[in-house]
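**Q** My questions will all concern the structure given below.
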Amino acid sequence: MEYHVLRANPAGNITLFVLDPVPSGDRAGLAARLMAGSDIEQVGFVCPSLLGSDGRLEMAGGEFCGNAARAFGMLVSQSRGDLPQVRVEISGCSSPVTVDVDWSGHAARAGMPLPREVTRLQADGRPGTLVDLTGIAHLVVEGIPPSLEFFQRVEPLLQSVPDLEAYGVIFLNQDNLIPLVKVPSAGTLVWEGSCGSGSLAAAIAQSRNVPDGPFVRTYLQPAGSIQVTLACQNGEAVSACIGGPVALDPPVVVRL
């Protein structure tokens, strides 16, 4: 079969958008075939809006992805005459996300959902912060060498969070971040080039008890950087957004 697809590069988190309708039950298998032997880290499916927004994207595993939201917002903006702002729906998020597009700087910024719960805990004997963003959760740990073995040891902590489509461990060293993210229903476990929701989780972890006002961090990641901006009040984030570079390739046809 033929599929029209478009490759997006939001800060190195290579994402493939499938532009043709695909039944939900076929998406995980198709995503696996599209990712096989490539640098693609995740696949999203363009769908009709359900909430009256400018467009809808459903990830292969039904998870939420901040980087995909930024890139999809740019794609929708492009299709509508390079609008500076659009509102899009993303799987794993109950309300539309606002995406601001800076075409001169080839960048996009997306509003992000606030955590459902933030828990300070011990993970494999080391302090960590479990950030539940609803649909996706990340365990943020600092000063621990990135490894699959550590992920596997702490995975039960992540699996205990209810109603998740995806989860990851964010290995943080000051402003350097390495994300390892799993989407069980899609059968993927990926060392991502960058992670939007993981960047947000890192900022949430580092902003504990900061003074009221803006908290801004730029996280350097294996393939790019993402800036997180929080508005903090009484020791908690009351709004959040992520931003960074996005590149869109022209659509192509693939045959599988």
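The values are calculated or read from the model by the stated rules, or taken from the named source; none is laboratory data. Since the model is a prediction, treat every value here as computed from it, not as a measurement. When we count neighbours, we look across all protein chains shown, and the Cβ atoms used for this are built from the backbone with ideal geometry, even at glycine.
**Q** State the number of residues belonging to region 205-222 that are of a type in the set (A, V, I, L, M) and within 15 Å of Ile170 (Cβ to Cβ). Steps first, answer last, please.
**A** Taking region 205-222 and keeping what is of a type in the set (A, V, I, L, M), we get 205, 210, 216, 220.
In the following step, the residues that additionally are within 15 Å of Ile170 (Cβ to Cβ) were identified as 205, 220.
The number of residues fulfilling the criteria is 2.
**Q** Let me ask another. Answer with yes or no whether Gly61 is out of contact with any Phe, Trp or Tyr (no Cβ under 7 Å at 6 or more places or on another chain) and surrounded by fewer than 19 Cβ atoms within 10 Å (Cβ to Cβ). Can you show your working first?
**A** On the way: out of contact with any Phe, Trp or Tyr (no Cβ under 7 Å at 6 or more places or on another chain): yes; surrounded by fewer than 19 Cβ atoms within 10 Å (Cβ to Cβ): no.
Criteria not met by Gly61.
**Q** Please pick out the residue among Val5, Val18, Val22 that is free of Cβ contacts under 8 Å to residues at least 24 places away in the same chain, surrounded by 17 or more Cβ atoms within 10 Å (Cβ to Cβ) and not hydroxyl-bearing (Ser, Thr, Tyr). Explain how you work it out, then say what you get.
**A** Details: Val5 fails: free of Cβ contacts under 8 Å to residues at least 24 places away in the same chain; Val18 fails: free of Cβ contacts under 8 Å to residues at least 24 places away in the same chain.
Only one candidate qualifies: Val22.
**Q** Sticking with this structure for a sec: Just to be sure before I move on: is Gln85 in contact with a Gly (Cβ under 9 Å, 6 or more places away or on another chain), of a type outside the set (Lys, Arg) and surrounded by fewer than 14 Cβ atoms within 10 Å (Cβ to Cβ) in the structure I sent? Write out each step before concluding.
**A** Numbers: in contact with a Gly (Cβ under 9 Å, 6 or more places away or on another chain): yes; of a type outside the set (Lys, Arg): yes; surrounded by fewer than 14 Cβ atoms within 10 Å (Cβ to Cβ): yes.
Criteria met by Gln85.
**Q** Filter region 205-236 down to residues that are modelled with pLDDT of 95 or more and among the aliphatic types (A, V, I, L, M) and give me whichever is nearest to Glu41 (Cα to Cα).
**A** Applying the filter and picking the extreme gives Ala223.
**Q** Report yes if Pro179 is surrounded by fewer than 18 Cβ atoms within 10 Å (Cβ to Cβ) and at pLDDT 95 or above, otherwise no. Talk me through it step by step, then tell me what you get.
**A** On the way: surrounded by fewer than 18 Cβ atoms within 10 Å (Cβ to Cβ): no; at pLDDT 95 or above: yes.
Against the criterion (surrounded by fewer than 18 Cβ atoms within 10 Å (Cβ to Cβ) and at pLDDT 95 or above), Pro179 does not qualify.
**Q** Of all the strands (runs of 3 or more DSSP E) wholly in region 1-113, which have at least 2 residues that are more than 19 Å from the chain's Cα centre (by Cα)? Quick ask: steps written out before the conclusion?
**A** Values: elements: 2-10, 15-18, 42-47, 56-59, 85-90, 97-102, 107-111.
Once the strands (runs of 3 or more DSSP E) in region 1-113 are filtered for at least 2 residues that are more than 19 Å from the chain's Cα centre (by Cα), what remains is 2-10.
**Q** So in region 173-207, with the set limited to residues that are touching a residue at least 40 places away in the same chain (Cβ under 8 Å) and of a type in the set (D, E, K, R), which one is nearest to Cys241 (Cα to Cα)?
**A** In this case the residue turns out to be Asp175.
**Q** Run Leu148 past the list (1) surrounded by fewer than 12 Cβ atoms within 10 Å (Cβ to Cβ); (2) at pLDDT 95 or above; (3) more than 12 Å from Leu180 (Cβ to Cβ) and report the number of the one that doesn't hold.
**A** (3)
**Q** Within region 138-175, can you find the residues that are assigned to a strand (DSSP E or B) and under 17 Å from the mean Cα position of the chain (by Cα)? Give the steps one after another, and end with the answer.
**A** Within region 138-175, the subset assigned to a strand (DSSP E or B) is 138-142, 164-173.
Residues satisfying the conditions are His138, Leu139, Val140, Leu164, Glu165, Ala166, Tyr167, Gly168, Val169, Ile170, Phe171, Leu172.
**Q** Does Ala201 satisfy the condition of being at pLDDT 95 or above, assigned to a strand (DSSP E or B) and of a type outside the set (Ser, Thr, Tyr)? Show your work before the answer.
**A** Values: at pLDDT 95 or above: yes; assigned to a strand (DSSP E or B): no; of a type outside the set (Ser, Thr, Tyr): yes.
For Ala201, the condition - at pLDDT 95 or above, assigned to a strand (DSSP E or B) and of a type outside the set (Ser, Thr, Tyr) - is not met.
**Q** Which numbered condition trips up Gly243, out of (1) part of a loop (DSSP other than H, G, I, E, B); (2) within 13 Å of the chain's Cα centre (by Cα)?
**A** Here Gly243 meets the rest and fails (1).
**Q** A further question follows. Given the conditions (1) in contact (Cβ under 8 Å) with a residue 12 or more places away in the chain; (2) out of contact with any Ser or Thr (no Cβ under 9 Å at 6 or more places or on another chain), and given that Pro162 satisfies all but one, which numbered condition is not satisfied?
**A** Pro162 satisfies all of (1) in contact (Cβ under 8 Å) with a residue 12 or more places away in the chain; (2) out of contact with any Ser or Thr (no Cβ under 9 Å at 6 or more places or on another chain) except (1).
**Q** Follow-up question, since we're still on this one. Consider Gly73 against the criteria (1) modelled with pLDDT under 95; (2) in contact with a strand residue (DSSP E or B) (Cβ under 6 Å, 6 or more places away or on another chain): it satisfies all of them except one. Which criterion is unmet?
**A** So Gly73 meets the others, but not (1).
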